[in-house]
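Notes to accompany the following structure.
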Amino acid sequence: MADPRFYKKNASFTLAHLAEQGQCKIGRGNPALLIKDIASLETAESSHLALCRSAKYTKELEKTKASACILSEEMAAKAPHHLALLVTKHPHRSFALIATAFYPAKTTAGDIAPTAVIHPTAKLGKNVEVGPMVVIGANAELGSGVKIGPLTVIGEGVIIGDDSIIGSHVTLSHALVGQHVHIKPGARIGQSGFGFFMDSGDMGGHVPVPQLGRVIIHDFVEIGANTTIDRGSGEDTVIGHGTRIDNLVQVAHNVQFGKGCVMVAQTGVAGSTKFGNYVAAGGQAGFADNLKIGTGARLGAQCGIMRDVLEGEILAGSPAMPLKTHYRQVAVLKRLTEENRKKINS
């Protein structure tokens, strides 16, 4: 159960309503059963709905006190008899939809803090919420329902689409932001990139190259806390529709993501690398510059990617290599280490 100090719960719902909301079917139980809240398998009580994501949680499923559970067809046979069941191919997805019904996003009241500094040429849509100490520059445009957190700076000419949320302490410049975008606290977007002519020491020092591009953020993108996205140097930096970027990710100038990409925390992407659709990279992955990463590629945590990646390719290790090759190398190294240890001790 969520802490009511931070999260406001909606009404209770019948099992039938939740099945419709979660796009799943009732596998067992009374459709009129009233569910009052959601909780984990371990903490759920009577009248709660829980989630069983996979067979990994079989023990928790067997012991749960919940009244109902969302699970897959395969797990339904392992559920205790007291549980009403909502059965779906994708339990986590259904749980997300149902959790949103219980805990919907807050609607903006359109309040503008008296300490906010808004340039007279800026345009604000209906029900825009602006927090304390926010600065909004000349000719910026904020769509309807936009929320701006405290101490955020929206630069000159920036456009933010309807129903987007910009967290506290964000700086946003040289950017066009789509609808339903969520930028979390501390993100830095649109600053100049790491672009300069590198002097070898005999020409008077490094020469900065003007960064004249933008950051284009498409609809339904999420950008994590303290992530940095540099504007393009000539081309634009582009974050594709529905892409998810975790906390503490660095995206350099001219990088372009396709649709639905996922970049986990502490990933770094060097300049001008282009991603296809639905590429996923684990934490601390590193991408060299000017690469092409194919649609559907999967890159493991701490991958060092120094070459183009084919569509659907799965890589691990540093330098990155096919997953099976990586596991073979790890196995060989482990065997050689063990053999060497035996020789030393013999």
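A full extension of the chain between A16 and E45 corresponds to an added length of 8.5 nm, given 0.36 nm per residue minus the alpha carbon distance. Put a dot 7 Å past the Cα of E156, heading toward its Cβ, do the same for L34, and the two dots end up 6.0 nm apart. Here region 1-123 carries DSSP beta bridges of which approximately 35% are antiparallel, counting only pairs with both residues inside.
FRET efficiency for the pair K126 and M198, taken as 1/(1 + (r/R0)^6) with r the Cβ-Cβ distance and R0 = 56 Å, rounds to 0.70.
Just need the relative contact order of the chain here, percent rounded to a whole number, with Cα pairs under 8 Å and 6+ apart. Relative contact order for the chain comes out at 7 percent. You can think of it this way: the chain between S346 and N290 has 15.1 nm of extra reach, that is 0.36 nm per residue less the Cα-Cα gap. Sites counted here are chymotrypsin sites (Phe, Trp or Tyr not before Pro) in a DSSP loop (not H, G, I, E or B) having no more than 15 other Cβ atoms within 10 Å; the longest part of the chain that contains none of them is 8-193. Considering only G205, A84, I118, and ranking their Cα positions along the charge dipole of the chain that arises from unit charges at the beta-carbon of Lys, Arg, Asp and Glu, the one farthest toward the positive end is A84.
If R0 is 35 Å, the Cβ-Cβ spacing of T325 and E235 corresponds to a FRET efficiency of close to 0.55. Take every pair of alpha-carbon atoms less than 8 Å apart whose residues are at least six positions apart; their mean separation over the length of region 212-287 yields a relative contact order of 25 percent. Most simply put, the chain has about 10% antiparallel DSSP beta bridges, counting only bridges with both residues inside it.
Taking a ≥ b ≥ c as the square roots of the Cα gyration tensor eigenvalues, the chain comes out oblate, since a/c reaches at least 1.5 and a/b does not exceed b/c. Specify whether the C-alpha gyration tensor of region 9-153 places it in the rounded, prolate or oblate class, a ≥ b ≥ c being the square roots of the eigenvalues: rounded for a/c under 1.5, otherwise prolate if a/b is larger than b/c and oblate if not. Prolate is the answer for region 9-153, as a/c is 1.5 or above and a/b outweighs b/c.
Inter-part distance, region 208-278 to region 1-36, computed on C-alpha centroids, equals 37 Å.
This model, with +1 at the C-beta of Lys and Arg and -1 at the C-beta of Asp and Glu, gives region 14-152 a dipole about its Cα centre of some 260 debye.
Inter-label distance, Y7 to R335: 4.9 nm, where each label sits 7 Å from its Cα along the C-beta direction. With 25 Å as the limit on Cα-Cα distance, the pairs of K56/K89; K9/K123; K65/K89; K9/K147; K123/K184; K25/K65 that go past it are K9/K123.
Does region 125-244 classify as rounded, prolate or oblate by the C-alpha gyration tensor (a ≥ b ≥ c root eigenvalues; a/c under 1.5 gives rounded; else a/b over b/c gives prolate, otherwise oblate)? Cα axes put region 125-244 in the prolate bin. Give the calculated FRET efficiency between N139 and E313 to the nearest 0.05, with a Förster radius of 56 Å applied to their Cβ-Cβ distance. Computed FRET efficiency for N139 and E313 comes out at 0.80. Computed over neighbours whose Cβ is under 12 Å from that of V269, the net charge equals -1, Lys and Arg +1, Asp and Glu -1.
Most simply put, region 92-192 has about 0% antiparallel DSSP beta bridges, counting only bridges with both residues inside it. Annotation for A77 and T100: the two label points, set 7 Å from Cα along the Cα-Cβ direction, are 3.3 nm apart.
Each value in this text was obtained by applying a stated rule to the coordinates, not by laboratory testing. Quantities reported herein were computed from a predicted structural model and do not represent experimental measurements. Because the Cβ atoms are built from the backbone with ideal geometry, glycine has one as well, and the counts that use them run over all protein chains shown.
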